[in-house]
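**Student:** There's a structure below that I have some questions on.
The values are calculated or read from the model by the stated rules, or taken from the named source; none is laboratory data. Keep in mind it's a predicted model, so treat the numbers as computed, not measured. Using ideal geometry, Cβ is built from the backbone for each residue, glycine included, and neighbour counts are taken over all protein chains shown. Keep in mind that these areas ignore ligands, DNA and RNA; they rest on the heavy atoms of the full protein, side chains included. Shrake-Rupley method; radii C 1.70, N 1.55, O 1.52, S 1.80 Å.
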Amino acid sequence: MKKKHICLVVVACTVLAAACGGGETPVDTSRLTGPQREWVEFAYAHEKNDETKRAWEGLTAEGVKSYLRRQRPRLCGDSASLMGSLKEAGYTADEMQEYEDRTEELICSHP
């Protein structure tokens with residue numbers, strides 16, 4: 001369960017420019033806003049777990065949007081838990097700080 005929890009957090013790190021959106025990642029972000037799309041691209045690019053990346057790639061556009069909607073309270077409300085999960089996943093302190101900053105800027109600051 002802990003591995004699944006870490007993967008879900010990091011996925012959100014997750015993260016994912018849509019193949020149909022012309023971005024750099026093979027994740028369909030066509031249903032996302034600009035800031036959401038930018039965050040997904042960032043999270044995907046920084047994802048350390050290949051299995052998690054494949055899970056992102058397998059989501060439909062609606063699946064990506066739904067995932068972000070479900071994860072928003074965790075990403076924006078429980079910083080300590082998020083940082084703990086990132087640390088367990090192998091992120092450095094600088095990477096964790098960048099992840100937290102980008103999440104605040106692109107997800108938490110936009111209703």
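**Student:** So is ALA19 of a type in the set (A, V, I, L, M), in contact with a Pro (Cβ under 6 Å, 6 or more places away or on another chain), at pLDDT below 95 and surrounded by 14 or more Cβ atoms within 10 Å (Cβ to Cβ) or not?
**Tutor:** yes
**Student:** Still on this structure, please answer the following. Kindly establish whether GLU38 is surrounded by fewer than 19 Cβ atoms within 10 Å (Cβ to Cβ), at pLDDT 70 or above and part of a helix (DSSP H, G or I).
**Tutor:** Criteria not met by GLU38.
**Student:** Tally time: how many residues in the range 56-72 are under 15 Å from THR103 (Cα atoms) and either aromatic (Phe, Trp, Tyr) or part of a loop (DSSP other than H, G, I, E, B) (or both)?
**Tutor:** 1
**Student:** Restricting to the range 36-52, name every residue that is charged (D, E, K, R) and under 19 Å from ILE107 (Cβ atoms).
**Tutor:** ARG37, GLU38, GLU41, GLU47
**Student:** Could you tell me how many of the residues in the range 69-91 are open to solvent by 70 Å² or more (accessible area, probe 1.4 Å) and under 17 Å from PHE42 (Cβ atoms)?
**Tutor:** Selection size over the range 69-91: 1.
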